[in-house]
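These notes are about the structure you will find just below.
What follows draws every value from the coordinates through simple rules; no lab data is involved. From a predicted model like this one, the values you see are computed outputs, not experimental measurements. Because the Cβ atoms are built from the backbone with ideal geometry, glycine has one as well, and the counts that use them run over all protein chains shown.
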Amino acid sequence: MEWISSLSVLSLIIILGLQRLNEQSIKIKRLESKIDILMRHLDVNYDPVALLPREVIEAKESGQRIRAIRLYRQFSGASLREARSFIDDLK
């Protein structure tokens, strides 16, 4: 019987955590939208490639995908998933 109450408490904690995560995600999306509006209003063009170190671009262009991801992570502090996505989308 005790494990049922422990499971219930754990389930409640997980549900509350997921709800908080969803709220944070919504806030981030709102902030990104506001930033996009401000950038358009100020006529600011954001080119993430322009700020990249040359080594990242050279690694990508020479087919060294893993090295490019590693270098991008060192440069930006991005997670592995974010860096992989960025390098894969890089033209």
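The stretch between Leu16 and Ser85, if pulled fully straight at 0.36 nm per residue, gains 21.9 nm over its current Cα-Cα span.
Taking Leu80, Leu71, Leu16 as the candidate residues, the one with maximal mean-square fluctuation in a Gaussian network model of the chain, Cα springs under 10 Å, is Leu16. When both the stretch 4-49 and the stretch 64-85 are represented by their alpha-carbon centers, they are found 22 Å apart.
Taking Lys and Arg as +1 and Asp and Glu as -1, the other residues whose beta-carbon sits under 13 Å from that of Lys34 total +2. Note: the chain, Cα convex hull, 128 Å³ per residue. The Cα-based radius of gyration and maximum Cα-Cα distance (Dmax) for the stretch 47-91 are 9.0, 23 Å.
Picking from Ile69, Ile26, Ile13, which is most flexible by a Gaussian network model of the chain using Cα springs under 10 Å? Of Ile69, Ile26, Ile13, the Gaussian network model singles out Ile13 as fluctuating most. Residues considered: Arg20, Arg54, Arg70. Largest GNM mean-square fluctuation over the chain, using C-alpha springs under 10 Å, is found at Arg20. Counting only C-alpha contacts under 8 Å and six or more residues apart, can you give the relative contact order of the chain as a whole percent? Contact order relative to length: 14 percent. Across all Cα atoms of the stretch 1-43, the radius of gyration (one decimal) and Dmax (whole number) stand at 18.8, 63 Å.
Placing unit charges on the Cβ atoms only, positive for Lys and Arg and negative for Asp and Glu, gives the chain a dipole magnitude near 80 debye about its Cα centre.
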